[in-house]
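Read the structure below first, then the notes.
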Amino acid sequence: MPYTPEFQDPDDLLLVSRYLNGRRPWLKPDGQVPYAHVLYAAAVRGHAPAALVARLATLGHTDVQQCGIPWPDSIGMEDASLVKREGPDKYTQQWIDVGEPVSLREVLQAAEHAGRAPADVVRRLTALGYRLGGSGPLPGTPNPRDVMLIRTDRRGDGSWLGWGDEVSAAHVLEAAEYLACSPHAAAGRMAALGLRLPYTPEPDDEEILRFGETYRPHYPGRYSSAPLGHVLAVARETGRRPADIVARLKVLGVGEPAGSVPESPQDDDLVILSEELDGCRPWLQRNTVVGLQMRHVLRAALATGRSPAGIAARLTELGHRLHENAKLPESADEADIRLLEAVDRSYLDDVHLEDVLRSASLTGRSPADVASRLTALGHRLPDEVDYPEVRGSLSVS
């Protein structure tokens with residue numbers, strides 16, 4: 001039969017209720033009262049902890065957990081809240097157990113919940129009689145990301161790093177990707193939390209790891225490789241050798257760019273490696289499935305004054321390739337570029353009649369002219385189709 005207190009005093013009922021709300025479930029008279037329960041009840045009721053211990057004894061709860069130091073004369077709510085467990089498992093274990101070393105996770109969850117610095121939480125818990133599960137200074141500034149930085153498994157309740165654990169470069173990238181923050185910032189904070197990294201964060205790492213910028217900075221994920229344009233641009237901006245940038249990226253857990261990394265880049269390498277042909281990010285991404293876009297080669301040829309064949313050869317050296325079906329023209333032509341902009345097909349796909357008709361409408365060319373030029377550039381078209389020679393009106397949409 002469930003235990004029910006015999007007394008009716010609201011203050012006493014609050015004191016012996018497990019969740020300090022005056023309702024069941026109740027503390028069992030033959031069970032031990034947790035140390036943190038007394039501290040929290042003292043803060044809620046504004047009484048000295050020792051006075052509540054005495055009151056619990058008169059109510060039949062004589063076994064109260066001790067910490068080995070005298071009870072504090074008083075305790076405020078800001079400190080009492082630190083001994084209450086937070087997170088998904090708080091319903092099975094409400095209090096931080098003073099009889100066990102405090103884990104790094106418990107410190108960081110308490111700091112996050114209170115909006116306080118981990119170092120401040122450690123000082124207060126120690127003053128209240130708690131023992132830490134590790135040693136070493138913790139950050140003196142709060143950071144709401146701290147708890148997720150030490151989580152190693154995102155499934156279910158997850159698993160967690162502890163005091164002084166070693167982390168991999170891949171974990172740094174994974175945590176930064178999950179939290180949408182800089183891997184360099186994540187690594188620096190992990191080091192401040194006492195975790196052991198496989199490398200020492202360096203000031204240049206932030207720039208080395210910043211791959212792009214849209215509405216927010218873009219950083220690599222666990223499985224990313226560095227665009228070669230990024231490597232060459234960072235080398236130029238930092239005065240370091242491209243090979244040194246690649247080596248540092250490898251240490252930081254980022255994959256190397258495909259193709260050879262030039263020791264002395266050519267003057268227009270950054271131009272042809274940039275998507276907008278302006279020598280700036282976003283950088284050309286290597287596509288191992290459909291290959292390099294013919295349109296990019298032609299645009300790069302016009303931008304640099306080089307031949308399409310010269311651009312394709314240089315990009316091949318730098319890790320990009322044209323599809324084997326592509327046929328390079330001898331010279332770049334704006335008309336070809338406009339045509340290829342209107343064709344939403346790679347060299348892996350057949351160009352269908354509707355694609356030809358749409359391209360003819362968008363470019364003002366006849367379907368027969370479009371089909372003939374696409375064939376000359378290496379695209380596959382059905383043989384049995386008879387394309388009209390009549391020009392369509394140029395679409396303004």
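The values are calculated or read from the model by the stated rules, or taken from the named source; none is laboratory data. Treat the numbers as computed from the prediction; the structure is a model and nothing was measured. Positions of Cβ are generated from backbone atoms using ideal geometry, with glycine treated the same way; all protein chains shown enter the neighbour counts. The accessibility values were calculated without ligands, DNA or RNA, using every heavy atom of the protein model including side chains. Shrake-Rupley method; radii C 1.70, N 1.55, O 1.52, S 1.80 Å.
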### Message
Could you go through region 110-124 and let me know if any residue there is on the phi < 0 side of the Ramachandran plot and exposed (fewer than 15 other Cβ atoms within 10 Å of the Cβ).
### Response
yes
### Message
If the requirement is being within 30 Å of residue 254 (Cα to Cα) and among the polar types (S, T, N, Q), which of these qualifies: 168, 81?
### Response
168
### Conditions (1) over 21 Å from residue 260 (Cβ atoms); (2) within 39 Å of the chain's Cα centre (by Cα): number failed by residue 314
(1)
### Message
With the requirement that a residue be surrounded by fewer than 17 Cβ atoms within 10 Å (Cβ to Cβ) and out of contact with any Phe, Trp or Tyr (no Cβ under 6 Å at 6 or more places or on another chain), what does region 243-261 give you?
### Response
243, 244, 247, 250, 255, 256, 258, 259, 260
### Task
Considering only residues that are assigned to a loop (DSSP other than H, G, I, E, B) and touching a residue at least 40 places away in the same chain (Cβ under 8 Å), look in region 138-148 and name the one that is most open to solvent (accessible area, probe 1.4 Å).
145
### Query
Which one is least open to solvent (accessible area, probe 1.4 Å) among residues in region 1-52 that are of a type in the set (Phe, Trp, Tyr) and in a loop (DSSP other than H, G, I, E, B)?
7
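Per-residue answers, yes or no, for (1) free of Cβ contacts under 8 Å to residues at least 40 places away in the same chain; (2) under 30 Å from residue 260 (Cβ atoms); (3) not in a loop (DSSP other than H, G, I, E, B):
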position: 295; (1), (2), (3): no, yes, yes
position: 309; (1), (2), (3): yes, yes, yes
position: 319; (1), (2), (3): no, yes, no
position: 324; (1), (2), (3): yes, yes, no
position: 347; (1), (2), (3): no, yes, no
position: 373; (1), (2), (3): yes, no, yes
position: 391; (1), (2), (3): yes, no, no
### Message
The conditions are (1) modelled with pLDDT under 95; (2) in contact with a helix residue (DSSP H, G or I) (Cβ under 7 Å, 6 or more places away or on another chain); (3) open to solvent by less than 30 Å² (accessible area, probe 1.4 Å), and residue 219 fails exactly one of them. Which is it?
### Response
(3)
### Message
Looking at 195, 173 in this structure, which one is touching a Ser or Thr at 6+ places or on another chain (Cβ under 8 Å), at pLDDT 95 or above and open to solvent by less than 60 Å² (accessible area, probe 1.4 Å)?
### Response
173
### Residue that is farthest from the chain's Cα centre (by Cα) [pool: residues in region 324-371 that are over 18 Å from residue 382 (Cα atoms) and among the β-branched types (Val, Ile, Thr)]
363
### Task
Read through the list (1) open to solvent by less than 30 Å² (accessible area, probe 1.4 Å); (2) assigned to a helix (DSSP H, G or I); (3) closer than 24 Å to residue 105 by Cβ, then give the number of the only condition that residue 78 fails.
(1)
### Query
Under the condition of being open to solvent by 10 Å² or more (accessible area, probe 1.4 Å) and aliphatic (A, V, I, L, M), which residue from region 298-311 is farthest from residue 270 (Cα to Cα)?
309
#### Entry: residue 266, sole failed condition from (1) within 30 Å of residue 218 (Cβ to Cβ); (2) polar (S, T, N, Q); (3) open to solvent by less than 70 Å² (accessible area, probe 1.4 Å)
(3)
### Message
Just the residues that are more than 29 Å from the chain's Cα centre (by Cα) and either of a type in the set (D, E, K, R) or under 18 Å from residue 78 (Cα atoms) (or both), please, taken from region 102-145.
### Response
123, 124, 125, 126, 127, 128, 129, 130, 131
### Task
Could you pull out the residue among 68, 99 that is closer than 28 Å to residue 194 by Cα, in a loop (DSSP other than H, G, I, E, B), within 39 Å of the chain's Cα centre (by Cα) and in contact (Cβ under 8 Å) with a residue 12 or more places away in the chain?
99
#### Entry: Odd one out for residue 200, checked against (1) within 14 Å of residue 249 (Cα to Cα); (2) in contact (Cβ under 8 Å) with a residue 12 or more places away in the chain; (3) hydroxyl-bearing (Ser, Thr, Tyr)
(2)
### Query
Under the condition of being among the acidic types (Asp, Glu) and over 22 Å from residue 353 (Cβ atoms), which residue from region 318-342 is least open to solvent (accessible area, probe 1.4 Å)?
333
